[in-house]
Amino acid sequence: MELDFDKAGNGLIPAIIQDNVTNKVLMLGFMNREAYDKTVAENKVTFFSRTKNRLWTKGEESGNFLHVVSIQSDCDDDTLLIKVNPAGPVCHTGTDTCWGEVNRGDDFMFLKELQDFIDKRKEEMPEGSYTTSLFQKGTAKIAQKVGEEAVETVIEAMANNDERLLYESADLMYHLIVLLTYKGYRLEHIARELKKRHQ
């Protein structure tokens, strides 16, 4: 990136920090070129502290580092959006964000996290993992499990057993995500298909 550190006249550009999983904006800081270079080199967010007049790595005292996932510049190359995995509360007051918000995604976000986890299982194939064993059995066996869980879900719905209905629905969803992952698809593909039908 060709960043414009001189545009504001003080050699600093704003860096918006966003949680990679929840998409919550966590804080805003400023970087000079040296802070940016250190952030890129170490994959931990470093700012230029205007009050201390020096580089400051977020978490250097608290241990609550901001581990970098991605860095993007805006259209004018004078503002950064940095997606991170925070190692703890971000604000010096102890709150999750500098706006006092709780940094938690909605429950639907967990489905993305779950598929990310299943993707990692597919990549690493650790021994002793149930998900690994499903991948090793291939399409037919995974699809069979989806069918079995669908039948069990229907049975519990017909029996008006709401607790078991939710339990079996969770099993069904898990195995469906495994099947999608095995075939190279994401839940986002299903969302796009549903969105297209909805219009």
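The values are calculated or read from the model by the stated rules, or taken from the named source; none is laboratory data. Everything numeric in this text was worked out from a predicted model, so none of it was measured. Neighbour counts are summed over all protein chains in view; Cβ atoms, including those assigned to glycine, are modelled from backbone coordinates with ideal geometry. Side chains included, ligands, DNA and RNA excluded: accessible areas come from the protein's heavy atoms. Shrake-Rupley method; radii C 1.70, N 1.55, O 1.52, S 1.80 Å.
Laid out as a table, the results:
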item: FRET efficiency estimate (nearest 0.05) - Cβ-Cβ, V69 to R104, R0 25 angstrom; result: 0.90
item: Residue order for L179, L66 - accessible surface, 1.4 angstrom probe, largest first; result: L179, L66
item: Most positive-pole-ward Cα, M125, H198, W99, against dipole of the chain from beta carbon charges; result: M125
item: Charged-residue dipole, Cβ positions (Lys, Arg, Asp, Glu), the range 1-123 about Cα centre, Debye nearest 20; result: 380
item: Accessible-area order (highest first, 1.4 angstrom probe) of the listed residues M173, M109; result: M173, M109
item: Length released on extending from L28 to N43, taking residue separation times 0.36 nm less the Cα-Cα span; result: 3.7 nm
item: Cα gyration tensor, the chain - rounded (a/c under 1.5), prolate or oblate; result: prolate
item: Where E2, E168 fall by accessible area, highest first, once all protein chains stay in place (1.4 Å); result: E2, E168
item: For the range 26-89, size of Cβ-based charge dipole, Lys and Arg +1, Asp and Glu -1, in debye; result: 280
item: Among N160, N20, N103: highest mean-square fluctuation, GNM of the chain, C-alpha pairs under 10 Å; result: N160
item: Solvent-accessible heavy-atom area per residue, rounded to whole Å², over the chain at 1.4 Å; result: 63
item: Accessible carbon and sulfur surface of the chain relative to its total accessible area, %, 1.4 Å; result: 53
